[in-house]
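Quick notes on the structure that follows.
The values are calculated or read from the model by the stated rules, or taken from the named source; none is laboratory data. All of these numbers come straight from a predicted model, not from anything done at the bench. All Cβ positions, glycine included, derive from the backbone under ideal geometry; neighbour counts span all protein chains shown.
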Amino acid sequence: MTSVETGYFGPYGGRYVPETLVPALDELERGWREIKDDPGFALELEGLQRDYVGRPTPLYRTERLAEGKSVYLKREDLCHTGAHKINNALGQALIARRLGKQRIVAETGAGQHGVAAATVCARFGLDCVVYMGSEDMARQAPNVERMRLLGAEVRPVEFGTRTLKEATSEAIRDWITNVETTHYMIGSCVGPHPYPELVGELQAVIGREAREQILEAEGRLPDAVVACVGGGSNAIGLFAGFVDDADVRLIGVEAAGAASLGTGRAGVLHGARSSLLADEDGQIGDAHSISAGLDYPGVGPEHAFLRDSGRAEYLPATDEEALAAFHLLAEREGIIPALEPAHALARALELDSDLALVGLSGRGDKDLATVLER
Amino acid sequence: MKRVSIYLMAGKKTPELAAAAVAGGADLLEIGFPFSDPLADGPVIRLAGERALAEGMRTKACLDCLAETRSKVEVPLIPMTYASVLEAYGYERFRDDATAAGATSFIVADLPLEAAPELPRVHLVAPTTPDERIRLAAERTDGWLYLVSLTGTTGARESVSGQLAALVQRARKVTEIPLLAGFGISTPEQAAAAAELAEGIVVGSRAVEVAEVEGPSGLERYVRSLRTAVDDLAASPAG
């Protein structure tokens, strides 16, 4: 009946939640399985992806970025709201509607998922409450204004690190309290089962499109596919298109100060067992990154599994390296990336590969203040 | 006799506070092993956990605290914590070391009842838990069932949740095991109201607050007020 035994990627994943939520996760899983097989759902989602989000997003071959190499960018920055987050938010809004939930809670770090959640809630007439660390609200003030403009209530989280980790905990506590009326619209492929799988499948559209587009453009698969990893949803979505192609290297790039995969250990956070920045007692540590979207001490359980199995590699990039890549892309290609995918670019440009495909998960408007301060 | 269970956060003063709670009439003590990200807890216990971690109450220190508490009281002692702490320490190792330090059972707020069968523990059921799952929890639980009397996190509320009566009724249909109601119970009136429905009560946030502000003597008075309210109920004809 419940799927505590399923919902694992190797030893990672599961459902480590207070009992109050277990039935809601069962309900969500059932609803998701039903809706997935419903041709009406697929049709509606595809229509909205095309007409509302702007899919398929282009695959752009850079001109001046890397001499002597082909580097392609999957342009999720051109999605409505400026990041891949809308792919997930849109799908989850359809699920919430199917489950009869009128109220949405979400967490946000940089504000990109919060904006995506507020956007789809406006589109579907759902009530929206977004939890955001007060530290992040100060760093990402324009996104707070956008969410409010879209009709969402933004609730500051004033304790602990005042960032994404605490915002996620508060969103889950709200869900525990209002579980009968509320859908928790998680923003990444983290959290208790079925969220990692559900978010991964909603983001897999990125990889499906990219695979088709690169074959069309080059007549072959890329040598490497590179994406930034915070919680890891844009990476898991992009990797999904290539994970069965054994010759394609999959490379995830973490912020050096938030390298849950590179320097973490197994632990439990926000409902799932994964690789975390935790100490020897299992207490969760602080992440540090110039990019609010990567500033998270956990990561999706599927990434931990892909790391252990060797199918994907995970590398760090420092704040400085990301900033350099940010400027380079702006100056050489006329594209201002978000700081998150700038981490992926930094590593991609060093790769010894002729053909690389990089996930450009979002645009950089939100980061201008941060970058100009440096 | 109805049971009164008191939750205390592990800390330097805990053994003394535990003795005071027992002197006031506590039958059972839950000792919080703090975790950095406690999803089931409201602000009072979350902040107490932050303070405990800041004063160094890591797993080893909590086990020492448990052993010292055991030397002062004879009631059952139940460490209450989160899965990440056990993941790091090892479930079986934790079971063995905590038992050696005097633990009589365990509560893990975010470990579903299917997981880690090697760790015997008191299971929680909530107003959202279906009957079949309550039955399963009752079969597997260690001695009694912890009723989460509301959909929400730990912390004081205005009144006892209206959801508790229905939960007790559903639990009664599937099990004879003792039921203790917790979450949102803080005043003697609420203790009496909840104990009228169940075999006992669990008080956490308010006890932690009283312990912090008023020390052992204040905690003893507070626990006695709960004890009296619950006992008066049993003595009265309506009880």
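Listing for the model above:
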| quantity | calculated |
| --- | --- |
| Tally, over the stretch A:256-284, of residues that are assigned to a loop (DSSP other than H, G, I, E, B) and within 16 Å of residue A:109 (Cβ to Cβ) | 3 |
| Among the residues listed as B:49, B:24, B:42, the single one being within 29 Å of residue B:112 (Cβ to Cβ) and either touching a helix residue (DSSP H, G or I) at 6+ places or on another chain (Cβ under 7 Å) or more than 13 Å from chain A (Cβ to nearest Cβ) (or both) | B:42 |
| Counted residues, the stretch B:113-138 - those being modelled with pLDDT under 95 and within 12 Å of chain A (Cβ to nearest Cβ) | 5 |
| Residues satisfying the stated conditions in the stretch A:234-278, i.e. under 23 Å from residue A:85 (Cα atoms), over 16 Å from the mean Cα position of the chain (by Cα), more than 14 Å from chain B (Cβ to nearest Cβ) and of a type in the set (A, V, I, L, M, F, W, C) | A:242, A:243, A:250, A:256 |
| Qualifying residue in the stretch B:190-204 (condition: without any contact (Cβ under 8 Å) to a residue 12 or more places away in the chain and under 23 Å from residue B:41 (Cα atoms)) | no |
| Residue within the stretch A:188-207 that is more than 30 Å from residue A:35 (Cα to Cα) and in a loop (DSSP other than H, G, I, E, B) present | no |
| Unmet criterion (only one of (1) touching a residue at least 60 places away in the same chain (Cβ under 8 Å); (2) over 19 Å from residue B:124 (Cβ atoms); (3) out of contact with any strand residue (DSSP E or B) (no Cβ under 6 Å at 6 or more places or on another chain); (4) surrounded by 18 or more Cβ atoms within 10 Å (Cβ to Cβ)) for residue B:210 | (1) |
| Helices (runs of 4 or more DSSP H) enclosed by the stretch A:1-119 - at least 1 residues per element that are closer than 30 Å to residue A:142 by Cβ and in contact with a Gly (Cβ under 9 Å, 6 or more places away or on another chain) | A:39-48, A:85-99 |
| Residue within the stretch A:337-352 that is acidic (Asp, Glu), buried (at least 24 other Cβ atoms within 10 Å of the Cβ), within 25 Å of residue A:147 (Cα to Cα) and over 15 Å from the mean Cα position of the chain (by Cα) present | no |
| Helices (runs of 4 or more DSSP H) completely within the stretch B:1-91 that count 3 or more residues being touching a residue at least 60 places away in the same chain (Cβ under 8 Å) | B:14-24, B:43-54 |
